[in-house]
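Participant: The structure that follows is given in the form of structure tokens.
Taken together, the values in this text are just the output of simple stated rules run on the coordinates, not laboratory data. Given the structure is predicted, the values throughout are model-derived calculations rather than measurements.
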Amino acid sequence: MKRQILWACAALVFAAGCGDSKSGVDPASTAKATASASAVKPPATAVPSSKPTAEKGMMARCPTAVDGATTDIQDVEGGVVVTVTAKDESKVKDIRERAKFQADASKNEAAGGKHDGSGGGGGAFGRCPVVNRNTSIEVADVDGGSKITVKAKDAAQVDWLRRESRERLQEMGQPGAKEAGQGKMAHCPSSVDGAVTAVKAAKDAVIVTVTAKDEAKTKEIRERGKFLVEASKKDPNDVVHKGDGSGGGGFGRCPVVLKDTTVESKEVEGGAEFTVKPKKPEDLAKLEKEANERAEKLAGRVPSK
């Protein structure tokens, strides 16, 4: 009997010691940007932790995406000043924390980094009006939020920086913007690691050629190309940009432009060639400019005016 009691006690002690410990799960927070007169509410995102994860995307580090934030952009010598404010004290704190993160991230910018919300992506896929790509960022507290001074590291990029900041802010106020970026270019041939993209104009279309030297990358380019051809047929009226092709490309960053186009593809050596035609012939020049700008951004070059 004594032996049975001892075994029972040991089992209880073992069970108590092996129970699940409390996991530190960050509470979800809701992000929303007020761009001009429009308010857009991005999907819930995890509160930033010290370890970068994919869940930290969705504008979770962007001051202008804080729920109820108001953003103003003004030109200054060498760049822009982005002033982000809110009325609620907790939102003000959130704005300032995100602004500080952007300033710190600008010091850690690395070529070829991944866009995972950690600040190391170099801004190639970024959508935050605080442009963290080839820039220096300084932050100062102001009444109700932060004043974020963003300056181009290269004087030749100042005009691009100013345009990009305002375009990103404008996008945040449009329908479908809250879902933009969820796909992280997962279906874009040009975003395959090591891919090279070339854009040229044809008589009535834009030709986008995407190639790679590695056989596996070539296969990936072609598979993504097939997906885009099918996605181009959807072009819905109600924009929902989820990265699955259902959004019509209105917020896309892929050089194979889906919005208001038809897309055909064929295999070429090392990859695929895409013939992108505007649905309205008069939009050809605009389409060419858009495709070139997207390709240049992905390549890390500053788009021309």
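Participant: Set the bar at 19 Å for Cα to Cα. Now go through Lys93/Lys147; Lys213/Lys286; Lys93/Lys153; Lys203/Lys286; Lys203/Lys277; Lys87/Lys147 and name every pair that lies beyond it.
Facilitator: Those over the limit are Lys213/Lys286; Lys93/Lys153.
Participant: Still on this model: Work out how much length Ala198 to Lys233 would gain on full extension: take 0.36 nm times their residue separation and subtract the Cα-Cα distance, in nm to one decimal.
Facilitator: Gain on stretching Ala198 to Lys233: 10.3 nm.
Participant: Give me, ordered by chain and number, the residues 5 or more places off Ala60 or on other chains with an amide H under 5 Å from its own placed amide H.
Facilitator: none
Participant: Amide H neighbours of Thr261 under 5 Å, counting only residues 5+ apart in sequence or on other chains, H built in-plane at 1.01 Å?
Facilitator: Amide H neighbours of Thr261, under 5 Å, 5+ apart: Lys279.
Participant: Still on this structure, please answer the following. Once phi is turned into θ = phi - 60°, what whole-Hz ³J(HN,Hα) does the Karplus curve with 6.51, -1.76 and 1.60 give for every residue of segment 206-223, x standing for Gly and Pro?
Facilitator: Per-residue couplings from phi come out as 10, 9, 10, 10, 10, 9, 8, 8, 7, 4, 5, 5, 4, 4, 5, 4, 5, 5 Hz.
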